[in-house]
Structure formats: structure tokens, C-alpha cells
Amino acid sequence: MGSVPISWFLTLSAVLFALGVAGFLFRRSIITVFMSIELMLNAVNLSFVTFSYQLKKVDGHLFSFFVMVVAAAEAAVGLAIILTVFRNRKTLNIDDVSSMKD
Amino acid sequence: MDVVIFLIFAIIAVACAINVVVQTHPISSAISLVGVMGSLAVIYLLLGAEFIAAAQVIVYAGAIMVLFVFVIMLLNAGAEATKGRAPMAHLLGPPLLAAFLGILAFVVRRLFPREYTAHFGGFTHGTAKDVGRALFTTYLLPFEAASVLILIAIIGAVVLARKEMD
């Protein structure tokens with residue numbers, strides 16, 4: 001009784017991923033863009049764990065674990081880059097850090 | 001009962017995720033992101049992923065978000081400027097996102113019909129023991145690669161965040 005359809009988990013994952021994409025594209029603060037990336041990684045983790053449940057294998061948990069490892073490494077390096085950008089440019093607005101675009 | 005718990009935490013997760021995107025102040029976004037991660041941890045528990053739920057709370061909600069909040073405080077990041085955005089993005093963005101979501105929901109519905117369901121206790125091989133055994137047998141090489149990656153990240157972060165950049 002009271003079983004949750006697998007598709008609900010995957011739809012929740014899709015909703016979270018879409019919100020992450022929205023934040024990544026629409027926001028102008030570097031830190032919030034970075035947090036949107038973390039939101040997308042979390043959404044993908046939810047898919048991995050759901051597939052792991054469906055296939056009754058532990059492998060999805062391992063993928064999810066490695067995503068966490070990569071996210072931790074990425075957060076450490078990314079935030080150090082943000083610190084350096086802020087020190088040199090005195091801004092956190094991504095529109096002001098577009099010298100590679102011009 | 002499972003449906004109720006799933007719906008409660010799914011709604012909290014989506015509400016917090018919307019809050020991450022719409023808040024203008026980075027601290028509000030960061031706190032909302034902790035809410036998303038906490039509710040996702042409960043959903044992982046519902047799917048039998050005990051170890052991943054614990055790692056989610058410790059690594060994501062604990063370590064990574066503390067790092068974020070620390071940097072926001074250190075840089076004294078205020079509310080971001082709302083002017084200067086492309087009007088096309090505002091006009092086209094929401095409908096395109098809705099279309100993307102619609103397509104994804106359709107695909108998910110087709111791939112996973114109603115009879116595929118999950119309930120608490122349906123999968124009990126997500127404990128630290130099982131994950132650890134798989135990690136140190138099948139996934140030993142990726143594990144070693146991940147440890148090298150972490151080492152590179154540590155050195156990179158230290159080099160990048162040094163006081164003098166010459």
C-alpha cells in the first residue's frame with residue numbers, strides 16, 4: 001500500500017534540473033550561477049538513485065557518490081576562482097567578467 | 001504513507017529550488033539550497049539509499065554549502081543588479097523551460113508506466129557495507145582516480161586563492 005510511482009521521482013528530478021538550468025541562464029551573480037550547477041548535480045543524483053532502486057543494484061549509488069566527489073572538488077576550485085575574480089575585478093556580476101567574449 | 005512523505009518532501013524541494021532561482025540575495029539562495037538538499041536526503045532514504053542520504057547531508061548540506069556561505073560572507077556579496085538583462089531571455093525563457101519540462105515528463109511517462117513503483121524497504125542494499133564493498137572491488141580504479149582528483153582540487157584551490165597573484 002502507498003507505493004510511489006518511479007516516474008514521480010524522475011519527474012521531480014527533471015523539475016529540479018530545469019530549475020537549475022533556469023538559474024544558470026537567468027541569474028547574474030557568479031555565486032548563484034554556481035549554486036544552480038549544484039542544484040543540477042543534485043537532480044542528476046536523484047535520477048541515479050531512482051534507477052538504482054528500479055534495477056535493484058547498488059551501482060547507481062556509486063555513480064551518485066562519485067558525482068558528490070566531483071561536486072566537492074568543483075566547489076573548492078570554483079570558489080577559489082570566484083575569490084580571485086573578485087580580488088582582481090571587484091565585481092561578482094558575470095556581465096562584467098566577459099573580456100573573453102569580446 | 002510513502003506517497004504522503006514523498007509529496008511533502010518533493011513539494012519542499014521544488015519550493016526551495018524555485019526560491020534558489022528567484023531570490024536576489026545569494027545568502028537566501030544558499031539557505032534554500034540547503035532545504036533542497038535536506039529534502040532530497042529524505043527522498044534518498046525512501047529509495048533505500050542510506051549511505052547516499054548520509055553523505056548528502058554531510059558532504060552537500062554540510063561541507064559544500066558551508067563553503068558557499070563562507071565565500072558569500074567573505075566577499076560581502078549583496079543583492080544582484082536586476083537591470084541590464086536581455087528582454088528576449090525574459091520573454092522566451094519560461095515558455096522554453098516549460099516545453100523542456102513537458103517533453104521530459106512525457107518521456108518519463110512513456111519509459112516508466114504506472115506499475116513501476118517504489119516503496120520504503122523495497123531495496124535494502126544501499127547500506128554503507130554494500131556501497132563500501134562495491135566501492136573497493138568493482139569501482140576501485142574510479143575510487144583511486146577520485147582521490148587523485150581531490151588532491152588536484154586541493155592544490156588548485158590553494159594556488160588560486162593565494163594572497164599574491166603574480
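The values are calculated or read from the model by the stated rules, or taken from the named source; none is laboratory data. For clarity, every value in this text was computed on a predicted model and none was experimentally measured. Reconstructed Cβ throughout: ideal geometry from the backbone, glycine too, with neighbour counts over all protein chains shown.
Residues in region B:131-155 that are in a helix (DSSP H, G or I), buried (at least 16 other Cβ atoms within 10 Å of the Cβ) and either over 22 Å from the mean Cα position of the chain (by Cα) or of a type in the set (S, T, Y) (or both): B:A134 alone. When the criteria are applied in full, B:V42 fails the requirement of being part of a helix (DSSP H, G or I), more than 12 Å from the chain's Cα centre (by Cα) and surrounded by fewer than 16 Cβ atoms within 10 Å (Cβ to Cβ).
What is the one condition in (1) in contact with a Ser or Thr (Cβ under 6 Å, 6 or more places away or on another chain); (2) at the interface with another protein chain (Cβ under 7 Å from one of its Cβ atoms); (3) in contact (Cβ under 8 Å) with a residue 24 or more places away in the chain that A:P5 does not satisfy? Every condition holds for A:P5 apart from (3).
Within region B:40-48, does at least one residue satisfy the condition of being of a type in the set (G, A, S) and under 30 Å from B:A134 (Cβ atoms)?
yes
Here is the figure for region B:84-121: residues that are touching a helix residue (DSSP H, G or I) at 6+ places or on another chain (Cβ under 7 Å) and closer than 27 Å to B:E50 by Cβ total 7. Any residue in region B:55-62 that is more than 9 Å from every other protein chain (Cβ to nearest Cβ), in contact with a helix residue (DSSP H, G or I) (Cβ under 8 Å, 6 or more places away or on another chain), closer than 16 Å to B:T127 by Cα and modelled with pLDDT of 90 or more? Checked against the condition, which is being more than 9 Å from every other protein chain (Cβ to nearest Cβ), in contact with a helix residue (DSSP H, G or I) (Cβ under 8 Å, 6 or more places away or on another chain), closer than 16 Å to B:T127 by Cα and modelled with pLDDT of 90 or more, region B:55-62 yields at least one hit. What helices (runs of 4 or more DSSP H) lie completely within chain A and have 3 or more residues being closer than 22 Å to B:G156 by Cβ? Result: A:30-55, A:59-89.
The sole residue among B:S32, B:S28, B:S39 that is more than 30 Å from A:F51 (Cα to Cα) and in the same structural domain as B:F6 (by TED's automatic domain parsing) is B:S28.
Looking across B:A105, B:A77, B:A17, B:A30, one residue alone is more than 18 Å from the chain's Cα centre (by Cα), part of a helix (DSSP H, G or I) and surrounded by 15 or more Cβ atoms within 10 Å (Cβ to Cβ). It is B:A105.
Comparison of B:F100, B:F123 shows that the only residue that is within 10 Å of another protein chain (Cβ to nearest Cβ), of a type in the set (F, W, Y) and either touching a Cys at 6+ places or on another chain (Cβ under 7 Å) or not in a helix (DSSP H, G or I) (or both) is B:F123. Among the residues making up region A:27-61, those that are of a type outside the set (K, R), within 17 Å of B:F68 (Cβ to Cβ) and out of contact with any strand residue (DSSP E or B) (no Cβ under 8 Å at 6 or more places or on another chain) are A:I31, A:T32, A:V33, A:F34, A:M35, A:S36, A:I37, A:E38, A:L39, A:M40, A:L41, A:N42.
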